[in-house]
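Please read the structure below before turning to the comments.
Derivation of every value follows stated rules applied to the coordinates shown; laboratory data play no part. In this text the structure is predicted, and so the values were computed from the model without any measurement. Ideal geometry is used to build each Cβ from the backbone, glycine not excepted, and the neighbour counts take in all protein chains shown.
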């Protein structure tokens, strides 16, 4: 077995099915183990393909789902893949080659929205916001410096969207820390890997597609900001103080006001035409999500018991 691919999912079948089709096609000629981790609360994911192994983690969060997949992995090389990432055979071949060249390196690939999704973005207000903010690609966020980069760029973190690493290093550090939502688990893993000398590189000439077709909505991004802030709060409580959200007094007042007027902000986001006002309102909604997650939301079980004790 050359490679184990681990894909956590909460059961968005429209997104997941397209990803699985791409993975199965990409690995037709490569000896690959594909583990789908069903992280829906009630185990609803059903797939019928002998090449796919389904295990359950029952709503414990992406970090726990990846660890669950890791328990079942038989290969020495692991590729973590989000359930909305579309890949090709070339991505797999390049990953295998990179790991033949070095043992103590791990790799991320760039991502961008697929062409069909890019064509749809200008059709909605929030799609236009995504375009304006560059949320459709991590290349865009480099602000024109992409062409200047070497093929391999050493990172100060990692993202598990497309992340390859030898299994022995994950076993040595104990895998991902248990975190209820996505948001900070990747950076916590990076820090553990850094302590044992594993370097993470971004591969310039490899770009995968992130298919967020059912997720490009203001409310869904708001929830991601909110739960992401909650994970940062848990990390800070565990001693990673630098990962906490830093709000000054003025920002806390802004957060309180955002909490109070959130229904109005959502109404404006829904009714306003796209433009500067719309973008400012969305910014404020997302800011409020971060404030709520970090300062207001109750810690989920079992984390409330962990810190109360």
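Here the gap between residue 195 and residue 279, fully extended at 0.36 nm per residue and compared with their Cα-Cα distance, gives a gain of 26.2 nm. Would you mind getting me the FRET efficiency between residue 251 and residue 58? Use the beta-carbon distance for r and R0 = 51 Å, nearest 0.05. Efficiency computed from Cβ-Cβ geometry: 0.90. Taking 0.36 nm per residue of sequence separation and removing the Cα-Cα distance, the residue 116/residue 297 pair yields an extension gain of 61.5 nm.
Taking other C-beta atoms within 10 angstrom as a stand-in for reagent exposure, 297, 38, 186, 171 fall in the order 171, 297, 186, 38, fewest first. So which residue, out of 228, 127, 275, gets the largest mean-square fluctuation from a GNM of the chain using Cα contacts under 10 Å as springs? Taking springs between Cα atoms under 10 Å, the residue moving most is 275.
So if each residue of separation counts as 0.36 nm, and I subtract the Cα-Cα distance between residue 156 and residue 217, what length gain in nm does that give?
On the way: separation 61, 0.36 × 61 = 21.96 nm, distance 2.93 nm.
Residue separation times 0.36 nm, minus the Cα-Cα distance, leaves 19.0 nm.
With neighbours defined as other Cβ atoms within 10 Å of a residue's Cβ, the residues 18, 238, 195 order from fewest to most as 195, 238, 18. For the chain, the longest principal axis of the alpha carbon atoms and the long axis of helix 276-291 meet at an angle near 70°. Let's test the formula: R0 of 41 Å, r as the Cβ-Cβ distance of residue 207 and residue 308. What FRET efficiency results, to the nearest 0.05? Taking R0 as 41 Å, the efficiency between residue 207 and residue 308 is 0.35. Each principal axis of the range 238-309 carries a Cα extent, and these read 49, 24, 17 Å when sorted largest first. Using only alpha carbons, the range 42-136 has a radius of gyration to Kirkwood radius ratio (Rg to Rh) of 1.03.
Using only alpha carbons, build the gyration tensor for the range 3-210 and give me the equivalent ellipsoid semi-axes, biggest first, whole Å.
The answer is 24, 22, 17 Å, longest axis first.
Between residue 49 and residue 123, the C-beta separation translates, for a Förster distance of 51 Å, into a calculated FRET efficiency of about 0.95. When each of 152, 36, 221, 264 is scored by the number of other beta-carbon atoms lying within 10 Å, the sequence from fewest to most is 264, 152, 221, 36.
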